[in-house]
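Below is one structure, written out as structure tokens; comments come after it.
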């Protein structure tokens, strides 16, 4: 096994941390979190894919909370925080000659917010992949294949961190060295082992 050439990270739940949106919404607006999650899941299935989506697609949630779309997005996105320690870890990996990538299921409004508020992510990483731009929503195997192909990476030379067991399983089926992200200390330990095994 060779030393890792690249590390691929999921974004939300890894680099960006937050309390569950359904919990936060339930506390502020006094609505059923399960009902909200059900509506949000249906909407995200559509907005995470390419193409212009009508504003009305968000209406089931907006009517439930009695707020505007911009108010909802502001509440949602502002509750997420970038993990500066993980960002420093990514920089450390790059000093070792390892490329860093983000592979995320996401939609246009959210990524525009990230580009405005967390520009360092986009200048630091060697590539940032969002499903609404690529057309491939994880765990679609093509999401991983596109990134590998674009950068001429062999799966066995890549390490992948995600907080979704399903995504980890699919990436692993390609031969990517895949690990469930449970926090920075564990990720550091994993990378030490990955580099030792590749030495």
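Could you state the angle between the C-alpha long axis of helix 69-78 and the longest principal axis of the C-alpha atoms of the chain, as a value from 0 to 90 degrees rounded to the nearest 10?
40
Find the all-direction average of the projected area of the Cα convex hull for the chain, expressing the result in square nanometres with one decimal place.
Details: hull surface 44.1 nm².
For the chain, averaging the hull's shadow over all directions gives 11.0 nm².
What is the antiparallel percent of DSSP beta bridges lying wholly in the chain, to the nearest 5? Provide the component values of the computation, followed by the final result.
Values: 2 of 19 bridges.
Approximately 10 percent, going by the DSSP bridge assignments.
Can you give me the angle between helix 141-150 and the longest principal axis of the chain, using Cα atoms only, in degrees from 0 to 90, rounded to the nearest 10?
50
In degrees from 0 to 90, rounded to the nearest 10, what is the angle of the helix 33-47 Cα long axis to the longest principal axis of the chain?
With rounding to tens, the tilt is 70 degrees.
Please find the FRET efficiency linking residue 41 to residue 137, where r is the Cβ-Cβ separation and R0 is fixed at 22 Å, and quote it to the nearest 0.05.
Numbers: r = 12 Å, r/R0 = 0.57.
Result of the calculation: an efficiency of 0.95.
Could you rank the peptides 63-71, 136-144 by their average count of other C-beta atoms within 10 Å per residue, with the highest value first?
Averaged packing, sorted descending, gives the order 136-144, 63-71.
How big is the antiparallel share of DSSP beta bridges in segment 96-199, given as a percent to the nearest 5? Please report the intermediate quantities before stating the final value.
Working: 0 of 8 bridges.
The antiparallel fraction comes to roughly 0 percent.
Please report the spacing between the Cα centers of segment 151-199 and segment 8-75 in Å, no decimals.
29
Read-outs throughout are calculated quantities, based only on the coordinates presented, and are distinct from any laboratory measurement. Note that the coordinates shown come from a computational prediction; the quantities given were computed from them, not determined experimentally. Positions of Cβ are generated from backbone atoms using ideal geometry, with glycine treated the same way; all protein chains shown enter the neighbour counts.
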